[in-house]
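One structure is given here, and the rest of the page talks about it.
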Amino acid sequence: MSVSTALPNEKKMTVIFRMEPGSLGPDGLQYIEEFCTFAQTQLQACAAYYLNFFIEARIDKTLPEMSFVLANKSLNQTQVEKYLALFDEDYAHFEDQLETNLEAIVDQFFGR
């Protein structure tokens, strides 16, 4: 059994990223749902074995851009940092990588 399949889903941290329609340009609202499905597939395909991604439209601005869940419990920043550290990952690096990946996915989505 490989390391990537050895971690059950309930032990993986879920990253919920809420994408603003405006990030897709002035017509972003008409593309956002399709983009979120596309982005989730792309991110999950290259995700670390200890992460799951859930990408959704950020229509409700009262919700944070990003949140984290483990075993059906919301995690705060300190808990996320501790979880990532278990896998020798740094939060700032994780966040930078996610942003870089999402920028590339936007370009791919629009065929740029």
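Between residue 19 and residues 5 or more places away or on another chain, which pairs have amide H atoms under 5 Å apart, with H built 1.01 Å from N, and which residues are they?
Counting only residues 5 or more places away or on other chains, the set is 56, 57, 58.
In whole angstrom, how long is each semi-axis of the equivalent ellipsoid of the stretch 47-94, when you take the square root of 5 times every eigenvalue of its Cα gyration tensor and sort them from largest down?
Semi-axis lengths for the stretch 47-94 are 21, 12, 11 Å.
Kirkwood Rh over alpha-carbon pairs of the chain, then Stokes-Einstein at 20 °C and 1.002 mPa s: what D in µm² s⁻¹, rounded to an integer?
It diffuses with D of about 144 µm²/s by this estimate.
If you take the beta carbon distance between residue 34 and residue 62 as r and set R0 to 41 Å, what does 1/(1 + (r/R0)^6) give as a FRET efficiency, to the nearest 0.05?
For R0 = 41 Å, the calculated efficiency reads 0.95.
What FRET efficiency comes out for the pair residue 101/residue 71, r = Cβ-Cβ distance, R0 = 30 Å, nearest 0.05?
After rounding, the FRET efficiency stands at 0.75.
For the chain, what is the mean residue ellipticity at 222 nm derived from helices alone (per DSSP H run of n ≥ 4: -39500 (n - 2.57); sum divided by total residues; nearest 500 deg cm²/dmol)?
After summing the helix terms and dividing by residue count, I get -14000 deg cm²/dmol.
Coordinate-derived values only; no laboratory data. Source: prediction; values computed, not measured. FYI the Cβ positions are ideal-geometry reconstructions off the backbone, even for glycines, and counts take in every protein chain you see.
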